[in-house]
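First up is the structure itself, then whatever we jot down about it.
The values are calculated or read from the model by the stated rules, or taken from the named source; none is laboratory data. Predicted model only: the values in this text are computed from it and were never measured. Cβ sites come from the backbone with ideal geometry, for glycine too, and all protein chains shown count toward neighbours.
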Amino acid sequence: MLSDKTDTWVPVALSQDLPTGQAMPARTLAGPIALWRSQSGRLAASADRCPHRGMRLSHGFVRGEALSCIYHGWTYSQAGRCLRIPAHPSLTPPETIRVATRSVEEAGGIVWVADGEPDGKPPLFEGYVPLRSLTVRAGGSALSAATGTKAAVEGFVWRAPGAPAIRLLPVPQETGETLIHVLVPADCGVSERVAASRAAESLRRMAERIEAKEAVP
Amino acid sequence: MNDDAMRDEWYPVGLFSQLDRGGRETTLMGAPIKVALDANGAAKVTGEDGRVLPVSVRYGHIWSSLGEPRKPVFPIPEADQPGRRFVDVGVVRVRCSPLRAVENFLDIAHFPFVHTDILGSEPHTEVEDYKVEIREEEDEVWATQVKFYQPQAAKSASGGITTEYMYRVPAPTCSVLYKTCPPRPGEWDVIALFVQPLAEDLCDVWPWMALFDDETPLTDLIHFQQTIFLQDRSILENQIPRLLPLDPGMEIPTRADLTSVAYRRWLKRHNYTYGAQLVAQ
């Protein structure tokens, strides 16, 4: 079960959007994170801030099994320990230099992050595969109004005219926006996937219109 | 916040060469100001309420202050040295604290990663020990004997060289660097960073140069510096927090950062806290 508590799994990205050897920014309600995939394919997640000068680590670069900050090249292991400070190549960084890490799991093509130690594995949506993610400038109530369905955070199925039934996974953001992961039935063909993608975009427009109206006094 | 100490300092507010009677509207520490030429062709700076602000024209720029500067704009003796070419680089607006912009300018360890293959390159990442002091008489931060390997230290450099640097901080949002001058061994090229604080987390950066280089076209010199500062901007706009933390604990310095350590200490000593974050807040 998903919730906005911090010790539960939050779907922050789709596996397909994070290739090997890359880093990307993501968010949980506890703040921004740097998500990265090592050369061997292992995922890691840490606070999105290098403790040296505060630079976002999601702008960094991956070499081998480590993530380096783009500012001065300080290099961190998947466990968050600083391994290397290029300005002082012969120095072994003290153990106290580290970044806070998050639990991270991949399930069914979705990357899940938890700020604490969650019980159990993240959920699997049998029969569905991820299609894309999109950010909507609207909250849960506007989304519910736009779909005519309660926009439950554990995901819900929505059917737009001319599109297959799709599963939406809304993730509330600190900004008031909602990140939505769109899943389609695993047996969808290309044209159905295109229709599902367009349906998700029209849902975004609808929800944003409703949100904008609600915001007007 | 007590920004009184910084109110009494000079700040760049525009290029003298680009000023006309129509003038230029800009901002200084949150206050709207107007910079223009008066009927006699002299620079004039006025506040929102029509109050006439202090004005000085130095190093190609117009300088002003919301308060009452106790000293003239800091000296750059090389500005009067014959044979130098003076370059107004222009302006780069950066969404960061003016103090963060200066601190980045004082830092050489980022060269291989941010200015890759220009001011630095791997594996030449080591920062050797250098000397840092606060010169009490001048009341300036100085770093000397700073050395770094550079693939292309300046527009006039061909091939990699070990460049020597000196840095000064003569004012809270200004820094002057002296670096090895490829065509003229024994002399120093001067590159200054004049930062106009628009707000605590927004600034206009006005680089200025005094070089021994009669060869390179002006456009190339300006493009070279603009490239460098745009690379810096991609860093400066992504540091958390935007304000410069003045108390230890929030960030971790190493020996390579001793200039920044001295800069932060000097800021704190003078209560130069506009654009700074203090733990107590």
- prompt: Being surrounded by 16 or more Cβ atoms within 10 Å (Cβ to Cβ), facing another protein chain (nearest Cβ under 10 Å) and closer than 19 Å to residue B:113 by Cβ, is that true of even one residue in the stretch A:32-48?
  reply: yes
message: Take the conditions in a loop (DSSP other than H, G, I, E, B), touching a residue at least 40 places away in the same chain (Cβ under 8 Å) and touching a Lys or Arg at 6+ places or on another chain (Cβ under 7 Å) and apply them to residue A:174. Does it pass?
response: yes
Options B:116, B:125; residue that is within 14 Å of another protein chain (Cβ to nearest Cβ) and out of contact with any helix residue (DSSP H, G or I) (no Cβ under 7 Å at 6 or more places or on another chain): B:116
message: Tell me whether the stretch B:93-110 contains one or more residues that are surrounded by fewer than 20 Cβ atoms within 10 Å (Cβ to Cβ) and in contact (Cβ under 8 Å) with a residue 12 or more places away in the chain.
response: yes
field: Single residue of the stretch B:219-245 satisfying the filter (of a type in the set (A, V, I, L, M, F, W, C) and within 13 Å of chain A (Cβ to nearest Cβ)) that is surrounded by the most Cβ atoms within 10 Å (Cβ to Cβ)
entry: B:244
message: Suppose the filter is surrounded by fewer than 22 Cβ atoms within 10 Å (Cβ to Cβ) and touching a Phe, Trp or Tyr at 6+ places or on another chain (Cβ under 8 Å); does residue A:55 pass it?
response: no
task: Give the stretch B:38-55 a look and list any residue that's outside any loop (DSSP other than H, G, I, E, B) and surrounded by fewer than 16 Cβ atoms within 10 Å (Cβ to Cβ), or say none.
output: B:47, B:52
message: So residue A:63 ticks every box in (1) out of contact with any helix residue (DSSP H, G or I) (no Cβ under 7 Å at 6 or more places or on another chain); (2) modelled with pLDDT of 95 or more; (3) within 13 Å of chain B (Cβ to nearest Cβ); (4) under 30 Å from residue A:168 (Cβ atoms) but one. Which box is left unticked?
response: (4)
field: Which listed residue is in contact with a strand residue (DSSP E or B) (Cβ under 7 Å, 6 or more places away or on another chain), basic (Lys, Arg) and closer than 30 Å to residue A:36 by Cβ, from A:137, A:204
entry: A:204
- prompt: From the list A:124, A:143, which residue is closer than 21 Å to residue A:164 by Cα and assigned to a loop (DSSP other than H, G, I, E, B)?
  reply: A:124
message: Could you tell me how many of the residues in the stretch B:6-26 are within 20 Å of residue B:202 (Cβ to Cβ) and crowded, with 16+ Cβ neighbours inside 10 Å?
response: 11
query: If you go through the stretch A:18-61, how many residues are of a type in the set (D, E, K, R), part of a loop (DSSP other than H, G, I, E, B) and touching a Leu at 6+ places or on another chain (Cβ under 7 Å)?
result: 2
- request: Would you check which residues across the stretch B:146-199 are crowded, with 20+ Cβ neighbours inside 10 Å, more than 19 Å from residue B:92 (Cβ to Cβ) and touching a Cys at 6+ places or on another chain (Cβ under 6 Å) and list them?
  value: B:189
statement: Of the residues in the stretch B:79-98, those that are in a loop (DSSP other than H, G, I, E, B), of a type in the set (D, E, K, R) and closer than 16 Å to residue B:60 by Cα number 1
message: Filter the stretch A:157-174 down to the residues that are modelled with pLDDT of 90 or more and either buried (at least 18 other Cβ atoms within 10 Å of the Cβ) or touching a helix residue (DSSP H, G or I) at 6+ places or on another chain (Cβ under 8 Å) (or both) and list them by number.
response: A:158, A:166, A:167, A:168, A:169, A:170, A:171, A:172
- prompt: So which residues in the stretch B:135-160 are in a strand (DSSP E or B), closer than 18 Å to residue B:109 by Cβ and more than 18 Å from the chain's Cα centre (by Cα)?
  reply: B:145, B:147, B:148, B:149, B:150
- prompt: Mind checking which pairs have a first residue in the stretch A:63-90 that is farther than 15 Å from residue A:101 by Cα and a second that is part of a strand (DSSP E or B) and of a type in the set (D, E, K, R), Cβ under 8 Å, 6 or more apart or different chains?
  reply: A:73/A:84; A:74/A:84
- prompt: So, in the stretch B:246-259, of the ones that are within 9 Å of chain A (Cβ to nearest Cβ) and of a type outside the set (Lys, Arg), which residue ends up farthest from residue B:183 (Cα to Cα)?
  reply: B:250
